[in-house]
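Visitor: Handing you this structure, nothing more for now.
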Amino acid sequence: MRVGVDTGGTFTDAVAEDGTIVKVLSIPDDPAAAVRDAVEALGDPSRSPRPTVLAHGTTIATNALLERTGATVALVTTAGFADVVEIARQDRPSLYDPFADRPRPLVERRLRFEVGGRLGPNGDELEPVDLTGLLPLPGGVEAVAVCLLHSDLSAGHETTVARALRDAGHDVTASSDVSPEFREYERTLTTVVNAYLRRPCRDYLSRLAVLADAVFVLTSAGGLVPVADAAGVPAALLLSGPAGGVLAGAAAAAANGFGDSITFDMGGTSTDVCLVRGAVPEPAPERLVAGFPIRLPSVDVHTIGAGGGSIARIDVGGALAVGPASAGAVPGPACYGRGGDAPTVTDADLVLGRIPADHPFPGLGVLDVAAAASTLERAGVDPAGVVTVVNAAMEQAVRTVTVARGVDPRSCALVAFGGAGPLHACELADALGITSVVVPARAGVLSAVGLLGAPLQRELVRSWPVPSSVDGIDVALESLAAEARELVGVEAVTSTYLDVRYAGQSHELTVARVDDFHAEHARRNGYARRDAPVEVVALRARARIDSPVPVSSLVPPSAPRKPATGPAVIAEPDCTIWIPAGWVARVGAAGALVIERTAIA
């Protein structure tokens, strides 16, 4: 038996390869216990005692970074670079807010150390590395990040420093092992974040290793890696959970003829959106998480604090606001009957009749309509207003990944999933001018479905030392691809890419070949300078082995879906679908419900 388990802010979802689903309430203080509970709840005498394979999507890395519960980290840099984590870039978090601060550095000033030695900009040694005075480190240091100048081109100095620190008993993260790309600030921050997260993630993942014969964890790039590898590079897990839903959502849209789509995952705590072009989720070489740039491959998911558990309130100016604070799993919305007394989006949906009052929910039973109405009334908030405000926030999130990038959302389908996504999808589509909404089968647990359908995958990146020249680049790409294949398996399929820019630009685009760069630049930015010189700054390689459990084999719902004409409410075991007037639903491919606009309501 293969099992996919996704941990969310409110529910932990599990899906077995035979299509069986389980939803259990998450346990914020002990998320591994909720994963264990979900796996055990799938138990059946007809199955093996435990899963042969467990594919997991986790929020442990994200939570540890947001809540500042990571390790005490020391940083070792080249002489003169100890303060790069604080100097950062010249851009400000909020351009017109003089009081906006950057996040507090993860490494105290007293724990930043410099070593002698220097590499040149092409990786050649100018001065040998000098460890004089580095050891011993102060007591209390739990992890060490090592990031030396130009070690993305030559790792020799970093290797020497890291070896000395490991020999002294320290847990060491070297930038050349985690993020061997140019740009000192981003590379240093990524290395520090990885060191910061290793202790909490290692502790958590070690508890999962006993739940199955083989345990894999989804990375932010949408590929599964062995649990031991995941524990070593936890910075690659910061978008672990959302990536699974994006993979399954893109597959469901493509099966129904929508190569271009926008995945819309609304859970209990947050909403994640991602643009999909040609059935491929948009990639991102770098993500900003908790204010820190993480320079590791990722699907380009945009997240906001808007979910079913988002709390509604009247702010100091007298306006209705929703989120980002959430009731979460404990105590949850008032209608859960678990002691929550703050009005939430779920309470509003229930009072408005968009959630059937008599429909039982996993682990909760029938929701308490009276409690929901009472808490909304006491807070002085209108349920319809709550829905309008949260929809507006999600509309802006979708515009961020489409309109802000020159993409017309009307050319895409909206793929709605998560426990709350199908409740709000049609109204969100209306606001964006989108005429087709796809609700995949198993929509409420789609991230867990995506985990079972995710490939084994590794992505490697290396700086290219001579940006103005492509001499030898094909050989270097072949070597990098062979290295990636060795990490995944000889049967892995490899692909290679280049990070390319116009000479003088400060940002790059990832393309398969240099010749593709001008067209991609025109697509992204509206223009191309075909006579201008271009530079290659990094090489990328991906190796993957597809899952033996395709998403299409997991999608049959517990009861066959039927066509419906709005207004209508469809209650399923894992989610509720709201079809407003003017929308008609038909049963599509792979068990999906395709809801289409037919008239103005």
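Visitor: Counting only protein heavy atoms and a 1.4 Å probe, tell me what percentage of region 36-96's accessible area is made up of carbon and sulfur.
Guide: Working: 1650 of 3200 Å².
Looking at region 36-96 in its full context, I get 52 percent from C and S.
Visitor: Using a ≥ b ≥ c from the Cα gyration tensor of region 453-601 (square roots of the eigenvalues), is it rounded, prolate or oblate, where a/c under 1.5 gives rounded and otherwise the larger of a/b and b/c decides, a/b for prolate?
Guide: In terms of gyration-tensor shape, oblate.
Visitor: Give, rounded to the nearest 20 debye, the magnitude of the charge dipole that region 242-332 has about its Cα centre when Lys and Arg contribute +1 at Cβ and Asp and Glu contribute -1 at Cβ. Intermediate results must be reported in sequence, preceding the final value.
Guide: Values: 4 positive and 7 negative charges, 25 e Å.
It works out to roughly 120 debye.
Visitor: While we're on this one: Quick check on packing: order 468-477, 60-69 by the mean number of other C-beta atoms within 10 Å, highest mean leading. Provide the component values of the computation, followed by the final result.
Guide: Values: 468-477: 12.6, 60-69: 18.7.
Highest to lowest by the protection proxy: 60-69, 468-477.
Visitor: Beyond 44 Å, what share of the Cα-Cα pairs of the chain is found? Please give it as a whole percent.
Guide: Working: 34997 of 180300 pairs.
Counting pairs separated by more than 44 Å, the tail of P(r) holds 19 percent.
Visitor: With a cut-off of 8 Å between alpha carbons and a minimum separation of six or more residues, what is the relative contact order of region 493-572 in percent?
Guide: The value is 34 percent.
Visitor: Net charge near LEU498: determine it from the other residues with C-beta under 12 Å of the C-beta of LEU498, scoring Lys and Arg +1 and Asp and Glu -1.
Guide: Working: positive: ARG462, ARG501, ARG513, ARG540; negative: ASP474, ASP499, GLU508, ASP515, ASP516, GLU520, GLU535.
Cβ neighbours under 12 Å give a net charge of -3.
Visitor: If packing is taken as the average count of other Cβ atoms within 10 Å, what order do 101-109, 161-169, 242-250 fall into, highest mean first? Provide the component values of the computation, followed by the final result.
Guide: Values: 101-109: 14.6, 161-169: 16.1, 242-250: 30.4.
Packing order, densest peptide first, comes out as 242-250, 161-169, 101-109.
Visitor: Here is a further query. For a quick check: with amide H placed at 1.01 Å from N, whose amide H comes under 5 Å from VAL215's, ignoring anything fewer than 5 positions away on the same chain?
Guide: LEU54, VAL227
Visitor: Right, here's the next one. What is the distance in Å between the Cα centres of region 445-496 and region 497-536?
Guide: Measuring centre to centre over Cα atoms gives 20 Å.
Visitor: If exposed means no more than 11 neighbouring beta carbons inside 10 Å and the site is in a DSSP loop, what's the longest run of the chain without any exposed chymotrypsin sites (Phe, Trp or Tyr not before Pro)?
Guide: 100-526
Visitor: Tell me, what is the FRET efficiency for THR598 and SER94 to the nearest 0.05, using R0 = 56 angstrom and their Cβ-Cβ distance as r?
Guide: Rounded to the nearest 0.05, the efficiency is 0.85.
Visitor: Right, another one. If I model a spin label at ASP101 and ILE87 as a point 7 Å from the Cα along the Cα→Cβ vector, what separation in nanometres do I get?
Guide: 2.2
Visitor: Moving to a separate point now. Give me the number: length gained by fully extending LEU487 to LEU134, i.e. 0.36 nm times residue separation minus the C-alpha to C-alpha distance, one decimal in nm.
Guide: Using 0.36 nm per residue and subtracting the Cα-Cα distance, I get 123.7 nm.
Visitor: Another question about this same structure. In deg cm²/dmol and to the nearest 500, what is the mean residue ellipticity at 222 nm of the chain if only DSSP H runs of at least 4 residues count, each as -39500 (n - 2.57), divided by the residue total?
Guide: -8500 deg cm²/dmol
Visitor: While we're on this one: For VAL514, put the label point 7 Å out on the Cα→Cβ axis and report which residues of region 143-164 keep their amide N under 17 Å from it.
Guide: Hits in region 143-164 for VAL514 at 17 Å: none.
Visitor: Magnitude of the Cβ-charge dipole of the chain, K/R +1 and D/E -1, about the Cα centre, nearest 20 debye?
Guide: Dipole of the chain, to the nearest 20 debye: 540 debye.
Visitor: Ok, one more. What FRET efficiency comes out for the pair ASP315/ASP546, r = Cβ-Cβ distance, R0 = 41 Å, nearest 0.05? Walk me through the numbers on the way to the answer.
Guide: Details: r = 48 Å, r/R0 = 1.18.
Once rounded, the FRET efficiency stands at 0.25.
Visitor: A further question follows. Step through the residues of region 346-356 one at a time and calculate ³J(HN,Hα) from phi using the Karplus curve (6.51 cos²θ - 1.76 cosθ + 1.60, θ = phi - 60°), rounding each to whole Hz and writing x for Gly and Pro.
Guide: With the stated coefficients, region 346-356 comes to 4, 4, 5, 4, 5, 5, 7, x, 7, 10, x Hz.
Visitor: Rounded, prolate or oblate, given the Cα gyration tensor of region 48-200, with a/c below 1.5 counting as rounded? Working shown, then result.
Guide: Working: a/c = 1.65, a/b = 1.18, b/c = 1.39.
Because a/c hits 1.5 or more and a/b fails to exceed b/c, region 48-200 counts as oblate.
Visitor: Just need the relative contact order of region 27-113 here, percent rounded to a whole number, with Cα pairs under 8 Å and 6+ apart.
Guide: Worked out over region 27-113, it gives 27 percent.
Visitor: How many nm separate the modelled label positions at GLN505 and THR435, each set 7 Å beyond the Cα in the direction of the Cβ?
Guide: Here the answer is 3.4 nm between the modelled labels.
Visitor: Then there's this: Give me the net charge for the shell around PRO293: Cβ to Cβ below 12 angstrom, other residues only, Lys and Arg +1, Asp and Glu -1.
Guide: After counting each charged neighbour, the total is +1.
Visitor: Expressed as an acute angle from 0 to 90° and rounded to the nearest 10, what is the orientation of the C-alpha long axis of helix 473-488 relative to the principal long axis of the chain?
Guide: 60
Visitor: All other residues with a Cβ under 11 Å from the Cβ of PHE182 taken together, and with Lys, Arg as +1 and Asp, Glu as -1, what is their net charge?
Guide: After counting each charged neighbour, the total is -2.
Visitor: Could you tell me which residue out of ALA55, THR496, THR303 lies farthest along the dipole of the chain toward its positive end? Charges go on the beta carbon: Lys and Arg +1, Asp and Glu -1, centred on the Cα centre.
Guide: With unit charges placed on the Cβ atoms, the residue in question is THR303.
Visitor: What is the chain's relative contact order, in percent, from Cα pairs under 8 angstrom and six or more apart in sequence?
Guide: Once normalised by length, the contact order is 14 percent.
Visitor: Continuing with this model, one more query. Taking R0 as 30 Å, what FRET efficiency do you get between ASP358 and SER411 from their Cβ-Cβ distance, rounded to the nearest 0.05?
Guide: Efficiency, rounded to the nearest 0.05: 0.15.
Visitor: Ok, one more. Using Cα atoms only, what is the angle between the long axis of helix 383-401 and the major principal axis of the chain, expressed in degrees (0 to 90) to the nearest 10?
Guide: 30
Visitor: Let me ask something else. Which one of TYR96, PRO465, GLY267 is farthest out on the positive end of the charge dipole of the chain, using unit charges on Cβ (Lys, Arg +1; Asp, Glu -1) and the Cα centre as origin?
Guide: GLY267
Visitor: How much length is gained if the chain between ALA528 and ALA79 is pulled fully straight, taking 0.36 nm per residue apart and subtracting their Cα-Cα distance, in nm to one decimal?
Guide: 157.6 nm
The values are calculated or read from the model by the stated rules, or taken from the named source; none is laboratory data. Because the structure is predicted, anything quoted here is derived from the model rather than measured. Note that each Cβ is placed from the backbone with ideal geometry, even for glycine, and that neighbours are counted across all protein chains shown. Heads up: the accessible areas ignore ligands, DNA and RNA and are worked out on the full protein's heavy atoms, side chains in. Shrake-Rupley method; radii C 1.70, N 1.55, O 1.52, S 1.80 Å.
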